[in-house]
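Since the structure comes first, as structure tokens, the remarks are kept for the end.
The values are calculated or read from the model by the stated rules, or taken from the named source; none is laboratory data. What you see is a predicted model; the values in this text were computed from it and never measured. Every residue, glycine as well, gets a Cβ built from its backbone with ideal geometry; the counts of neighbours run over all protein chains shown.
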Amino acid sequence: MNASAPPFGFAILGTGMIAGFHARAIREIPGARLVGFWGRREEKARALAQEHGAPVATTDLEALVQRPDVQVVCITTPSGAHLEPALAAIRAGKHVVVEKPLEITVGRTDALLQAAAQAGVVVAPIFQSRFGAGAQRVKAAITSGRLGRRVLASAYVKWHRTADYYAAQPWKGSLTLDGGGAVMNQAIHGLDLLQWFAGMPAEIFAWTTRRVHTGIEAEDTAVAALRYADGTLGTIEASTALWPGWSRRIELCGEHGSLVLEDDRITRWEFREKQTGDDAVLTGSTNALGSGASAPNAISHEGHLRQIQNLVAHLRDGSPLAIDGAEARKAVALVCALYESAEHSRPVTL
């Protein structure tokens, strides 16, 4: 990266909790500069700007995205309100970083991606879990064929959220702005990892329910059965209704080996044929990205830092973009297929 090049200016649209994670990441990245915040409430935008040393706080979205010192815009609004501010940024010729999910329907996701393609700007969707050392090691083992023929591929996101969590932010668990509940908002990181590791299933059959958080529109618990084109089977379990909340768990099992990833820590790493370094995998595996199992703010901003750093390198010198819009679209399609199956009580083909 050219150290003498001017930094990329970043603006953040949205003033919820996740905006602070973006801000902290941007401030620590060489080649990035935080310009300002937009929010519907000026006092929240001003408070964030003051906290993170940004010169601009505004309720005028167009004025912020049109600034010549802004090259990248981070979309941190509620999930079902990603499209409109993203389109404003894209029309202004800005690259966009979009919090998960890209949007809450495949149609709205495609509208965002098509607009970006036509404008020639980059979409960097946030799926920071892929940047963990554990996830990277798992991906490498799968790519090298160490599991052999895959047998089972499953994701378990058994988390805890309080009633106050939903009451404090009424859009959480709503169909209009959250697009769903435990699956769309919380488990989507696990589903993204699962499909990154194992590919998209060919068919899904799902059930959803509200067991504890009965005041929200969407589900607080879901279970799904998966069938892959190669014959692999799998399951998804997701909930925000459990106490105390366990680490997200991805299990991949095959004829020559099996592994388990809990958050970003590898807890099982067992292969028929051992390789040099296998013994050190378990002892050296940590969870630097934190866990949202019991509280949404318990994650680290390290994952966001790594992903936005990747975008800056891509824009600066053409380094490969780790996650593009087409890749992030898969998680939205998988979640929407799960919901369609649960609604109609039938399997859905992807």
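For beta carbons closer than 6 Å, sequence separation of 6+ or different chains, a first residue in the range 9-32 that is under 20 Å from residue 185 (Cα atoms) and a second that is of a type in the set (Asp, Glu), the qualifying pairs are 18/99. Taking each residue of the range 283-306 that is under 20 Å from residue 163 (Cα atoms) and assigned to a helix (DSSP H, G or I) and looking for partners that are small (Gly, Ala, Ser) and modelled with pLDDT under 95 with beta-carbon atoms closer than 7 Å, six or more apart or interchain, yields 298/290; 298/291; 298/292.
Can you pull out the residues in the range 194-223 that are in a helix (DSSP H, G or I), surrounded by fewer than 24 Cβ atoms within 10 Å (Cβ to Cβ) and hydrophobic (A, V, I, L, M, F, W, C)?
So the first thing to find is which residues in the range 194-223 are in a helix (DSSP H, G or I), and the list is 194-198.
Pick out the ones that are also surrounded by fewer than 24 Cβ atoms within 10 Å (Cβ to Cβ) and you get 195-198.
Of everything in the range 194-223, those that are in a helix (DSSP H, G or I), surrounded by fewer than 24 Cβ atoms within 10 Å (Cβ to Cβ) and hydrophobic (A, V, I, L, M, F, W, C) turn out to be 196, 197, 198.
Residue by residue, here is whether (1) among the small types (Gly, Ala, Ser); (2) farther than 21 Å from residue 23 by Cβ holds:
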| site | (1), (2) |
| --- | --- |
| 255 | no, yes |
| 271 | no, yes |
| 274 | no, yes |
| 279 | no, yes |
| 290 | yes, no |
| 305 | no, no |
| 309 | no, no |
| 314 | no, no |
| 317 | no, yes |
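Among residues that are touching a residue at least 60 places away in the same chain (Cβ under 8 Å) and either of a type in the set (Gly, Ala, Ser) or closer than 30 Å to residue 22 by Cα (or both), residue 251 is included.
Filter the range 126-172 down to residues that are in a loop (DSSP other than H, G, I, E, B) and within 28 Å of residue 308 (Cβ to Cβ) and give me whichever is modelled with the lowest pLDDT. Top of the filtered list is 169.
Out of everything in the range 224-274 that is in a strand (DSSP E or B) and among the acidic types (Asp, Glu), what residue ends up being surrounded by the most Cβ atoms within 10 Å (Cβ to Cβ)? In this case the residue turns out to be 262.
Just so you know, in the range 173-193 the residues that are over 27 Å from residue 141 (Cα atoms) and small (Gly, Ala, Ser) include one that is surrounded by the fewest Cβ atoms within 10 Å (Cβ to Cβ), and it is 174. Answer yes if at least one residue in the range 12-32 is outside any strand (DSSP E or B) and more than 25 Å from the chain's Cα centre (by Cα), and no otherwise. No, the conditions are met nowhere in the range 12-32. Counting only residues that are touching a strand residue (DSSP E or B) at 6+ places or on another chain (Cβ under 6 Å) and among the β-branched types (Val, Ile, Thr), the range 213-246 holds 5 of them. Checked against the criterion of being surrounded by fewer than 20 Cβ atoms within 10 Å (Cβ to Cβ) and without any contact (Cβ under 8 Å) to a residue 40 or more places away in the chain, the candidates 107, 148 yield just one match: 107.
Return yes when residue 294 is over 18 Å from residue 135 (Cβ atoms) and modelled with pLDDT under 95 and no when it is not.
Details: over 18 Å from residue 135 (Cβ atoms): yes; modelled with pLDDT under 95: yes.
Answer is yes for this residue.
One residue stands out among those in the range 307-342 that are among the hydroxyl-bearing types (Ser, Thr, Tyr) and in a helix (DSSP H, G or I): the one that is farthest from residue 120 (Cα to Cα), which is 341.
Scanning the range 197-231 for residues that are of a type in the set (Gly, Ala, Ser), out of contact with any helix residue (DSSP H, G or I) (no Cβ under 9 Å at 6 or more places or on another chain) and in contact (Cβ under 8 Å) with a residue 60 or more places away in the chain turns up just one, 202.
Kindly indicate whether residue 5 is farther than 18 Å from residue 128 by Cα, at pLDDT 95 or above and over 23 Å from the mean Cα position of the chain (by Cα).
Numbers: farther than 18 Å from residue 128 by Cα: yes; at pLDDT 95 or above: no; over 23 Å from the mean Cα position of the chain (by Cα): yes.
Judged against the criteria, residue 5 is not a match.
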